[in-house]
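In what follows, a single structure is set out as structure tokens and then discussed.
Laboratory data are not the source of any read-out in this text; all were calculated from the coordinates shown. Quick caveat: nothing in here was measured; it's all calculated off a predicted structure. Using ideal geometry, Cβ is built from the backbone for each residue, glycine included, and neighbour counts are taken over all protein chains shown.
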Amino acid sequence: MHIAEGYLPPVHAAAWGVASAPFVVHGVRALTREVRSNPESTLLLGASGAFTFVLSALKLPSVTGSCSHPTGTGLGAILFRPPIMAVLGTITLLFQALLLAHGGLTTLGANAFSMAIVGPWAGYGTYVLFRRFGAPLMVAVFFGAFVADLSTYCVTSVQLALAFPDPGSGVPGALAKFGGIFAVTQIPLAVSEGLLTVLVMRLLTQSSKGDLIRLGVLAGRTAERHEGAAAR
């Protein structure tokens with residue numbers, strides 16, 4: 001997904017940077033409020049950022065000028081909501097560009113828009129939708145992580161198609177081409193990421209149950225237990 005340094009035309013790179021900036025600024029404010037209000041969240045915030053960094057660094061060759069890999073943003077979006085994940089994801093992308101030559105500084109805005117903004121919002125929205133319709137926590141977590149990953153690549157396909165339209169079929173043709181190539185590697189990766197995120201969430205329900213209740217992740221389940229006890 002990381003679009004390589006210098007691969008996008010300057011106007012496109014600048015436009016994606018401008019589009020991403022408000023989300024990151026809002027995320028910084030949300031992150032600051034979270035840390036000030038709940039200093040105990042620092043460890044889990046760090047773990048969410050590390051999870052994203054490690055997964056998104058595992059790259060596979062894909063479309064020229066880009067690559068395929070898990071994103072790891074679904075977990076943080078579910079735990080801390082998408083605005084905070086916009087910051088954690090952008091910091092991850094910045095460090096990867098500087099330390100791993102993965103992505104780039106000129107394409108940071110485009111990469112942040114797809115992986116740190118759209119991915120977390122799409123994944124969180126899916127998670128909330130599944131929970132609202134009564135799905136078990138782990139089912140909602142799986143589909144949230146799956147959609148967060150897959151939607152990132154859908155946006156990257158759009159970004160590349162807008163920058164490099166097909167000479168014959170224009171943007172739609174280029175979108176079909178980029179999306180088709182990404183799908184070969186990304187659908188299996190999205191399924192794998194969903195399963196891994198479920199595993200991590202299961203571990204968190206055992207080791208950080210209090211934090212998950214405070215963050216609202218286990219609120220539904222806790223309420224169900226209280227309702228069941230009252231009925232008995």
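Structural remarks
- Approximating the spin labels as points 7 Å out from Cα along Cα→Cβ, the Asp166-to-Ile187 distance works out to 1.9 nm.
- The slack between Thr42 and Leu98, meaning 0.36 nm per residue of separation minus the straight C-alpha distance, is 17.8 nm.
- Distance between modelled label sites at Val54 and Lys209, nm, 7 Å Cα→Cβ extension: 2.4 nm
- Paired Rg and Dmax values of the chain, which use every Cα atom, in angstrom: 18.2, 69
- Between Leu199 and Ala21, full extension at 0.36 nm per residue minus the direct alpha carbon distance yields a gain of 60.8 nm.
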